[in-house]
Amino acid sequence: MKLAEALQERADLNRKIAELTDRLRTNALVQEGEKPLEDPAALLKELDKATARLGKLMAQINLTNSTAVVEGRTITERLAERDALTLQLSSYRSLIEAASQSTRRARGTEIKILPTVDVAALQKKADAMAKKLRENDNLLQQANWTTDLQES
């Protein structure tokens, strides 16, 4: 199995577990003398099976990510870089948006409101971050489809 397939299965299992949790909650109580729409014991059995599979899959994904190397760095390192860069880029874009609002004057006064940062320079830096993020994501996607999942 390729890493990408394991990641897809992990996402499916997470959705299934959330769905089973909701179904269990829905069938947890019934009016006296009534039966639940679904058997909670059967749902719990299905939940246990799904969470066990998810746990095994997560261990294999983590092992693979920590040992597979893509252009000199492990997938784990590249994922950490992606997460940090995404957070940094979001902050830059928020600052750019706030500072890009047109110059305005405060109500009833002649006080001018001006940006405190160089918006053009920040935008250029944000564009470079976005490019680096795209390139890193492309490497990760390629690695996901070419890397075999390790057995734990």
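The values are calculated or read from the model by the stated rules, or taken from the named source; none is laboratory data. Values in this document were obtained by computation on a predicted structure and should not be read as measured data. Note: ideal-geometry Cβ built from the backbone for every residue, glycine included; neighbour counts use all protein chains shown.
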request  = Report yes if some residue within the range 111-119 is surrounded by 14 or more Cβ atoms within 10 Å (Cβ to Cβ), more than 24 Å from residue 7 (Cα to Cα) and outside the structural domain of residue 5 (by TED's automatic domain parsing); otherwise report no.
outcome  = yes
Out of 10, 15, sole residue that is surrounded by 12 or more Cβ atoms within 10 Å (Cβ to Cβ) and either modelled with pLDDT under 95 or part of a helix (DSSP H, G or I) (or both) = 10
inquiry  = Looking at 56, 2, 49, can you tell me which residue is over 21 Å from residue 141 (Cα atoms), in contact with a Ser or Thr (Cβ under 8 Å, 6 or more places away or on another chain) and surrounded by 11 or more Cβ atoms within 10 Å (Cβ to Cβ)?
reply    = 56
inquiry  = Condition (residue is outside any loop (DSSP other than H, G, I, E, B), in contact with a strand residue (DSSP E or B) (Cβ under 8 Å, 6 or more places away or on another chain) and of a type outside the set (S, T, N, Q)) applied to the range 92-106: is it met by at least one residue?
reply    = yes
query = Of all residues in the range 18-74 being of a type in the set (A, V, I, L, M, F, W, C) and part of a loop (DSSP other than H, G, I, E, B), which is nearest to residue 148 (Cα to Cα)?
reply = 68
request  = Could you check residue 138 against (1) farther than 22 Å from residue 6 by Cα; (2) surrounded by fewer than 11 Cβ atoms within 10 Å (Cβ to Cβ); (3) under 18 Å from the mean Cα position of the chain (by Cα) and say which number it fails?
outcome  = (1)
key: Of all residues making up the range 1-26, the number that are of a type outside the set (Ser, Thr, Tyr) and either without any contact (Cβ under 8 Å) to a residue 40 or more places away in the chain or in the same structural domain as residue 76 (by TED's automatic domain parsing) (or both)   = 13
